[in-house]
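Enquirer: My questions all concern the structure below.
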Amino acid sequence: MRVAVFGAGYVGLVTGACLADLGHDVVVRDILEERIDALRRGEVPIHEQGLAELLERNRERLRFTTDVGEAIDGAEVVFVAVGTPPTASGDADLTAVWTVVDELPKVEHRVVVAMKSTVPVGTGDAVRHRLDERGLENVGYVSNPEFTAEGTAVHDFQHPDRIVVGAFDPADAEVIERLHAGIEAPVITCDVNSAEMIKLAANAFLVTRISFINEIANVCEATGADVVKVAEGIGLDHRLGPHFLRAGIGYGGSCFPKDSLALKQLAANSGYSFQLLNAVIEVNELQKRRVVGKLERHLGSIRGKKIALLGLAFKPGTDDMREAPSLVLAARLQAEGAEISAWDPIANGRAHLDGVAIAGSALEALEGADGAVIVTEWPELGEVDWAEAGSRMRQRVLVDGRNMLDPEELRAHGFEYEGIGRAAE
Ligand code: UDX
């Protein structure tokens, strides 16, 4: 099939590359000329495992353009994969979505617009109305949310747990099903509002699990239990399952913070206070800040102390620092008067952090530090020679914000080690 993808970000590029790999003929359109030029030269503007290979392998079936006409020409499906960042009020900003909708030209044959961007419930209705107003009855609309996680997006797209298609017209849903032929997964077809809600509710549930285990971790600290064991014990219950029960210093990224806020706001705008979700968001904010207290417990005041932040990306396997806990942590520590060094294998700390010394290796960041925080569980940190690291530090204080290291081993190297929700020494 001929497919157009609007938006060459994480979601758009992965969607385009994976559909081309299924044999479809794909044109990816973005407004950023530099980005399109780079893609045409064969450069990949983002770090996403397997994406570069996929783009390369399907070069013949992939084109990149800034031109709407070129993208739409002959297309049977038009994916919308543009950003929907939060506005000042926490609602999703749909400006980029509306721009795409308003740019769609009149077409002779049936074209199905498939919404991949995460949008509030009711957006599909509003888009349908706008298309009808413009006399674009030939343009169908479906909600086809994505559930891909960064770092594993290509794999997640190719091996999804389910494909959700919310449609006004069953024939449009069938087009999307056909487009995914070759991918083994149950297909959930439903109305557009429900498809939009499935995406928001899935993310809300996942963040609820994270904040839940983080609160359990905090109570473990107060009572002397170990959350790693507790999570294992909970997760083996088949009704609960093991996923998203890793306690840490909070969730970040391009989706969870934005989408949970958007659902909270959507509920509030509809006259309902989503109390559970409000608490989940609040717990996450507090969780990032608790690290400061942990450092202070070992160092006293952190004014003038040097703190090393190990890992800056919101999770390993990505260079993405959107809403990363590292940003809040760095700002809080700076406000308390600490001097900060930081290391990340791929995220560009310089672009996001002012007044932070960016080091070329974890050991370099630890040089002369009074304390260190593992912010992102990069596998590289498991390879660090902690005896050597300790000898370079001024004080051997380590807060393991992701519970990735063995407390006993670190203590054997003379560290004052603190994890999240693990009994203190
Ligand atoms: C997420 C969803 O997984 C995906 O389905 C959705 O489409 C977009 O949002 P992503 O943001 O890429 O994907 O990352 P994910 O791996 O889900 O992690 C998000 C954040 O939660 C990270 O900051 C991670 O560190 C944190 N997290 C995750 C925890 O703190 N504990 C966990 O148990 C799991």
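The values are calculated or read from the model by the stated rules, or taken from the named source; none is laboratory data. Everything numeric here is computed off the predicted structure, so don't read it as measured data. All Cβ positions, glycine included, derive from the backbone under ideal geometry; neighbour counts span all protein chains shown.
Enquirer: Please work out which one of (1) out of contact with any helix residue (DSSP H, G or I) (no Cβ under 7 Å at 6 or more places or on another chain); (2) surrounded by 24 or more Cβ atoms within 10 Å (Cβ to Cβ); (3) in contact (Cβ under 8 Å) with a residue 60 or more places away in the chain is the condition Ala347 fails and give its number.
Expert: Tallying (1) out of contact with any helix residue (DSSP H, G or I) (no Cβ under 7 Å at 6 or more places or on another chain); (2) surrounded by 24 or more Cβ atoms within 10 Å (Cβ to Cβ); (3) in contact (Cβ under 8 Å) with a residue 60 or more places away in the chain, Ala347 fails exactly one: (3).
Enquirer: Take the stretch 332-344 and flag every residue that is in a helix (DSSP H, G or I) and surrounded by fewer than 14 Cβ atoms within 10 Å (Cβ to Cβ).
Expert: Filtering the stretch 332-344 for residues in a helix (DSSP H, G or I) gives 332-335.
Ala335 - this is the single residue of the stretch 332-344 that is in a helix (DSSP H, G or I) and surrounded by fewer than 14 Cβ atoms within 10 Å (Cβ to Cβ).
Enquirer: Next up: Which condition number in (1) free of Cβ contacts under 8 Å to residues at least 12 places away in the same chain; (2) part of a strand (DSSP E or B) is the one that Val78 fails?
Expert: The number of the failed condition is (1).
Enquirer: While we're here: Of all residues in the stretch 127-176, which are closer than 20 Å to Thr95 by Cα, touching a helix residue (DSSP H, G or I) at 6+ places or on another chain (Cβ under 7 Å) and not hydrophobic (A, V, I, L, M, F, W, C)?
Expert: Across the stretch 127-176, the qualifying residues are Arg130, Tyr141, Ser143, Asn144, Pro145, Glu146.
Conditions (1) crowded, with 20+ Cβ neighbours inside 10 Å; (2) within 15 Å of the ligand (Cβ to nearest atom); (3) more than 27 Å from Met115 (Cα to Cα); (4) modelled with pLDDT of 95 or more, marked per residue:
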{"site": "Thr189", "(1), (2), (3), (4)": "no, no, no, yes"}
{"site": "Asn193", "(1), (2), (3), (4)": "no, no, no, yes"}
{"site": "Phe205", "(1), (2), (3), (4)": "no, yes, no, yes"}
{"site": "Ile216", "(1), (2), (3), (4)": "no, yes, yes, yes"}
{"site": "Leu240", "(1), (2), (3), (4)": "no, yes, yes, yes"}
{"site": "Ala247", "(1), (2), (3), (4)": "yes, yes, yes, yes"}
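Enquirer: Here is a check on your reading of the model: is Phe274 within 13 Å of the ligand (Cβ to nearest atom), of a type in the set (Phe, Trp, Tyr) and within 24 Å of the chain's Cα centre (by Cα)?
Expert: Numbers: within 13 Å of the ligand (Cβ to nearest atom): no; of a type in the set (Phe, Trp, Tyr): yes; within 24 Å of the chain's Cα centre (by Cα): yes.
No; evaluated as a whole, the condition is false for this residue.
Enquirer: Has the stretch 338-353 got any residue that is basic (Lys, Arg) and within 22 Å of Lys315 (Cβ to Cβ)? Steps first, answer last, please.
Expert: Within the stretch 338-353, the subset basic (Lys, Arg) is 350.
Right, trim to within 22 Å of Lys315 (Cβ to Cβ) and you get 350.
Yes, the stretch 338-353 contains at least one residue that is basic (Lys, Arg) and within 22 Å of Lys315 (Cβ to Cβ).
Enquirer: Next up: Among the candidates Ala369, Ala389, single out the residue that is of a type in the set (A, V, I, L, M, F, W, C) and either within 21 Å of Leu333 (Cα to Cα) or surrounded by fewer than 24 Cβ atoms within 10 Å (Cβ to Cβ) (or both).
Expert: Ala369
Enquirer: From Val164, Val175, which residue is within 14 Å of the ligand (Cβ to nearest atom) and on the phi < 0 side of the Ramachandran plot? Before the answer, list the steps.
Expert: Details: Val175 fails: within 14 Å of the ligand (Cβ to nearest atom).
Exactly one residue qualifies, and that residue is Val164.
Enquirer: Within the set of pairs 6+ apart or on separate chains, which have a first residue in the stretch 309-320 that is more than 19 Å from Ala331 (Cα to Cα), a second that is not in a loop (DSSP other than H, G, I, E, B), and C-beta atoms under 8 Å apart?
Expert: Going by the 8 Å Cβ cut-off, the qualifying pairs are Pro316/Pro379.
Enquirer: Among the residues of the stretch 172-186, how many are loosely packed, with under 15 Cβ neighbours inside 10 Å, free of Cβ contacts under 8 Å to residues at least 40 places away in the same chain and not charged (D, E, K, R)?
Expert: Residues in the stretch 172-186 being loosely packed, with under 15 Cβ neighbours inside 10 Å, free of Cβ contacts under 8 Å to residues at least 40 places away in the same chain and not charged (D, E, K, R): 2 in total.
Enquirer: Additional query: Taking the stretch 356-398 on its own, how many of its residues are closer than 22 Å to Arg290 by Cα and part of a loop (DSSP other than H, G, I, E, B)?
Expert: Matching residues across the stretch 356-398 total 9.
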